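J.: Input: one structure, supplied below.
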Amino acid sequence: MTDPSPRRIGLEWLQLRASNLVLLASAPFFIYLFATSTNYSRSLAFIVGVEEGAAEVFQTFLVLLLGLLSGLIPILLTRKSPSWLSYPREVSWFGLVLHLLLMSWLLTRWDLAPFWDSVIGDLLDARSNPFRDPKVNYPALTPEGQAWMQGWLEILRWPYLLGTTLLGAVALTKKLPERINRWIWRLLLIFQGGSLLFLILVARLSFATGLLLTLRAAIFAYVASAILGLVLAGMLSLQPNPNIYRRYGVIAGLLLGIGLIFSQMPQAQYVLIGTIEGRAAFIKDTPQRLADTLRYGEFDNGVEMQIRAARDVEQALKLYAEDKRISAAFIPESALPAKAPILWRTEFLADEYRTPSMVFGVFGFLLGLLTFGGWQHRMHPLAVFAEFYIDILRGIPMLVIILYVGLPLSGAVKQATDGFIDLPNMIRGVFAICLGYSAYMAEIFRAGIEAVPKGQVEAARTLGLDRWQTARLVILPQALRIVIPPLGNEFIAMLKDTALLSILSVRDSTQRMREFQASSFLPFAPFNTAAILYVVLTLAAASLLKWLERRTTPIPKK
Amino acid sequence: MKRFIIAATLMLFAGWVHAADLGGKVLRIGSDTTYPPMEMVDEKTGEIIGFDVDLVDAICERINCVPQFVTTAWDGIFAALQQSEFDMVVSGVSITPERDKQMDFSDPYLVVSQAIMVRVDDEGMTLDGMKGAGRKLASQTGTTNAQLAEELVGRNNVALFDTFAAAVQALRNGDVDGLVIDGTSAAAYEQQFAGELVVGIRGLNSDPLGLVFREGDGMVDAFNTGLAQVKADGTLDKLVLKYWSE
């Protein structure tokens, strides 16, 4: 295929937009600014997150990155690859040799201690692990930890180097049967690719903790919201069959019934004993609404009481008996001491029954409504749900979603699962961004799916493809190609919205900027630096997307 | 030299007398109103109330000015002051040497000690217990509380939030083990989250609080005069009693 248009001379090959050219031209000025002004260089170091031992970790990271990438080249190129990734076989051999050289240099001649401090130290629990150094503020290993790592390195490095190189060479020569070859290929891809992904997406790298956090949050949130958005778009395109309403109606009724049973459970009997002069001891885990009743004097005699928390009944009674400032206690009736003056008597549904009752009731009701709505409009109930989800989530500001998911919802989930589901704040925030953006993603995917001509679907069905095959082989490949530009747009928007994670105490670039600003009082430098950093990131992302767009658009036939 | 000192003293004195009357000037006062009981928004009326508000009202009565409190976020509050968005900042601000380099403080109007709030299960935990074993503390970004938290357990074990409200939520969730906060506000949060949170450790680093002005602002003298009067006639003590009955 030849390009008939005459070759233009100039900066065309750069594929730059005019505005980007202006930015590129002004880059030397920014570099000069960061190099000469201490305020700016300090801002940059703090916002990017340059920490202890950054230089060594950065060098190690670079060599490791190159080593792993070059190890992946033969793996990626030997299999069927799309036309735009075809390179001569010599490139594969070169990659393999480069991999061997770089990795053996790294694993035998390099001081890996700072790298382990940063990467491994972070993975160990500071509270319990003896290999983690508890004396320093940043993740670091104790000397025993370092010796342990060194021991494993000495055992593993030669098997690793020989293994990856030999397997890569075997896969390249293609002498073995295809089936074995494929297994070798998978093994290497999982191992090398997995290490590379860990290095890029998970490992704590002390030369850019803040910057990497921002990038990683955006990438994780993007992938997750794209998947969720695709699922929602799939739900939207579900067609109902006549039985579906009856089935969903029965499930809704069952849920409501379970909720009703929970609401009829025996109530807890509580009494307020003592006098109203002092504070009231209030036992932990008693529903908060009762504390409010006491605090605002909404019980019998209408006197507002101050409250003091107690761990359990014993402590409450002890405080009541011994502490002069505490004149009352709110306790279960079963623990009522003899001769205690009773101020108020009440009963309520304990939280262990009230919560499931509410949850089942709400879900049953919602499912009932979805089924009814679907029946009325001849839609699948799940399609109605997807619509409902999109309408709701699109209507809530991202800040509210993040605060809600990050603090109260995560707390409730943690409590409900007894501390089993306890995600770090960054993951909570990523989850929140994913929830919010999936609504937009779903709409983008829906637009893409609807842009595929109806005739294509009909043709696929005539050829005997089932619904799933039609979706996977005919609709999605075309739909995805159509939606690449808007999807890219979303990525850039997300990259900036990760700044909102700073409200969850996640130390991303924005939170670091605020911390630095708060302690240095500099009025301009931190904000300018962060702004420049974000622009550079989004520009890089935009260029990458542009490249992807060009690569995936089929060359039009002349 | 001697004459210079006399002249300077006279000028200072003249300024002092004059500055004690601000001539009914309306002052925009920046305040992070998420910090009960120092400053908070009354949920019924929507007005900004609290100890700081009452104090500035009392001072302004004496030096003839009209305070106008404006709700703002804590971070960036000093940048906004420096860029003349506010005439002063009153937000339970601790006087620190670094801040004093950039801004002018009035005389201290209250000395508060910091405290650590914990969940009721952890009541009785000592400061050493807090420091060891990788426990986590929460606080608000850019406060002296945050500095103290960092000193106690190190930056990587400190979670910093925009507001104390979010930090309290993190403590209730069990994401952190303690919350470093001024003792004055700890008492208010203890009430609000009765049955869950208690003030576990009291009397840490004492911080003097001051009213904040732009560098070289003449109003500082007037406010110091007013503050001295409020202190002398017992109004300040009455306010302290009103907000902290214990």
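J.: In whole Å, how far is the Cα centre of segment A:379-447 from that of segment A:135-150?
T.: Here the answer is 38 Å between Cα centres.
J.: Per residue, how large is the accessible surface of chain B? Use a 1.4 angstrom probe and give square angstrom.
T.: The answer is 42 Å² per residue.
J.: Same structure again: Going 7 Å from the Cα of A:GLU458 in the Cα-to-Cβ direction, what parts of segment A:220-254 have a backbone nitrogen less than 18 Å from that spot?
T.: The answer is none, because no backbone nitrogen lies closer than 18 Å to the label point.
J.: On a 28 Å Cα-Cα criterion, which of the cross-link pairs B:LYS44/B:LYS231; B:LYS44/B:LYS238; A:LYS414/B:LYS136; B:LYS25/B:LYS101; B:LYS131/B:LYS238; A:LYS284/A:LYS414 come out too long?
T.: Details: B:LYS44/B:LYS231 31 Å; B:LYS44/B:LYS238 24 Å; A:LYS414/B:LYS136 17 Å; B:LYS25/B:LYS101 26 Å; B:LYS131/B:LYS238 37 Å; A:LYS284/A:LYS414 17 Å.
Violating the 28 Å Cα-Cα cut-off are B:LYS44/B:LYS231; B:LYS131/B:LYS238.
J.: Can you compute the charge dipole magnitude of segment A:302-426 about its Cα centre, using +1 on each Lys and Arg Cβ and -1 on each Asp and Glu Cβ, nothing else charged? Give it in debye, rounded to the nearest 20. Could you put the intermediate results ahead of the total?
T.: On the way: 11 positive and 13 negative charges, 41 e Å.
So the dipole magnitude of segment A:302-426 works out to roughly 200 debye.
J.: Enter the buried accessible area of the A/B pair, total of both sides, probe 1.4 Å, in Å² rounded to the nearest 100.
T.: Working: alone 33290 and 12070 Å², together 41930 Å².
Separately minus together, A and B give about 3400 Å² buried.
J.: Give me the one-decimal nm value for the distance between modelled label points at A:PHE363 and A:GLU549, 7 Å along each residue's Cα-to-Cβ direction.
T.: Rounded to a tenth, the inter-label distance reads 4.3 nm.
J.: Tell me the label-point distance for the pair A:ARG289, A:LEU123, using the 7 Å Cα-to-Cβ offset, in nm and rounded to one decimal.
T.: Between A:ARG289 and A:LEU123, the simple spin-label model gives 4.7 nm.
J.: Hey, can you grab everything whose amide H is under 5 Å from the amide H of A:ILE326? Only 5+ residues off in sequence or another chain; H modelled, so Pro and N-termini drop out.
T.: A:ARG279
J.: With springs connecting C-alpha atoms under 10 Å apart, model chain B as a Gaussian network and identify which of B:ALA166, B:ALA228, B:ALA79 has the largest mean-square fluctuation.
T.: In the Gaussian network model the winner is B:ALA79.
J.: Also, quick follow-up: Tilt of helix B:164-173 relative to the longest C-alpha principal axis of chain B, in degrees (0 to 90, nearest 10)?
T.: Compared with the principal axis, the helix lies near 10 degrees.
J.: Between A:LEU319, A:LEU487, A:VAL57, whose Cα lies farthest towards the positive end of the dipole of chain A when Lys and Arg beta carbons carry +1 and Asp and Glu beta carbons carry -1, centred on the Cα centre?
T.: A:LEU487
J.: OK, next. Dipole magnitude of segment A:422-558 about its Cα centre, charges +1 at Lys/Arg Cβ and -1 at Asp/Glu Cβ only, in debye to the nearest 20? All intermediate terms of the calculation are to be shown ahead of the outcome.
T.: Numbers: 16 positive and 10 negative charges, 115 e Å.
Around 560 debye, computed over segment A:422-558.
J.: Does segment A:170-281 come out rounded, prolate or oblate, given a ≥ b ≥ c as the square roots of the eigenvalues of its C-alpha gyration tensor, rounded meaning a/c under 1.5 and, failing that, prolate meaning a/b above b/c? Don't skip to the end; give the middle numbers.
T.: Details: a/c = 3.13, a/b = 1.60, b/c = 1.95.
The shape class here is oblate.
J.: Further, regarding this structure: Return the long-range amide H neighbours of B:GLN140 (sequence gap of 5 or more, or a different chain), with a cut-off of under 5 Å between placed amide H atoms.
T.: Residues meeting the criterion, in which the H sits 1.01 Å from N, are B:ALA146, B:PHE161.
J.: Answer with one residue from A:THR173, A:ALA281, A:ILE200: the one whose Cα lies farthest towards the positive end of the charge dipole of segment A:151-302, charges on Cβ with Lys, Arg +1 and Asp, Glu -1.
T.: Toward the positive end, the furthest listed residue is A:THR173.
J.: Give the longest segment of chain A that steers clear of GluC sites (Glu not before Pro) in DSSP loops with at most 16 neighbouring Cβ atoms within 10 Å, not counting the sites themselves. Mind showing how you got there, number by number?
T.: Numbers: sites that count: A:GLU52, A:GLU277, A:GLU298, A:GLU304.
Answer - A:305-558.
J.: Which parts of segment A:124-155, residue by residue, lose 30 Å² or more of accessible area when the rest of the protein chains are there, as against the chain isolated (1.4 Å probe)?
T.: Residues losing area: A:ARG127, A:ASN137.
J.: Next up: Taking only protein heavy atoms into account and a 1.4 Å probe, give the accessible area per residue of segment A:346-445 in Å². Before the final figure, lay out each step's value.
T.: Values: 5200 Å² over 100 residues.
Result: 52 Å² per residue.
J.: Given a Förster radius of 30 Å and the C-beta distance between A:ALA350 and A:LYS324 as r, what FRET efficiency does 1/(1 + (r/R0)^6) yield to the nearest 0.05?
T.: Details: r = 32 Å, r/R0 = 1.06.
Computed FRET efficiency for A:ALA350 and A:LYS324: 0.40.
J.: Whole angstrom only: what separates the Cα centroid of segment A:276-352 from the Cα centroid of segment A:247-264?
T.: When both Cα centres are located, 35 Å separates them.
J.: Restricting to the protein assembly as shown, compute how many DSSP beta bridges are antiparallel as a %, nearest 5. Please report the intermediate quantities before stating the final value.
T.: On the way: 35 of 58 bridges.
Antiparallel bridges make up about 60 percent of those DSSP assigns within the protein assembly as shown.
J.: If you don't mind, another one. Within segment B:212-234, list the residues whose amide N lies under 16 Å from a label point set 7 Å along Cα→Cβ of B:LYS25.
T.: Under cut-off, by backbone N: B:212-227.
J.: Right, another one. Taking the dipole about the Cα centre of segment A:413-480, with the C-beta of Lys and Arg at +1 and of Asp and Glu at -1, give me whichever of A:ILE475, A:ALA460, A:ALA439 is farthest to the positive side.
T.: Farthest along the dipole direction, towards plus: A:ALA460.
J.: Just give the residues from segment A:267-286 buried by at least 10 square angstrom of accessible area in the all-chains context relative to the isolated chain, probe 1.4 Å, and say none if nothing qualifies.
T.: A:ARG279, A:PHE282, A:LYS284
J.: About its Cα centre, what dipole magnitude does the protein assembly as shown give when the only charges are +1 on Lys and Arg Cβ and -1 on Asp and Glu Cβ, stated in debye to the nearest 20? Could the numbers behind the result be given before it?
T.: Numbers: 71 positive and 77 negative charges, 907 e Å.
For the protein assembly as shown, the charge dipole is close to 4360 debye.
The values are calculated or read from the model by the stated rules, or taken from the named source; none is laboratory data. Because the structure is predicted, anything quoted here is derived from the model rather than measured. When we count neighbours, we look across all protein chains shown, and the Cβ atoms used for this are built from the backbone with ideal geometry, even at glycine. Just the protein is used for accessible areas: all its heavy atoms, side chains included, with ligands, DNA and RNA removed. Shrake-Rupley method; radii C 1.70, N 1.55, O 1.52, S 1.80 Å.
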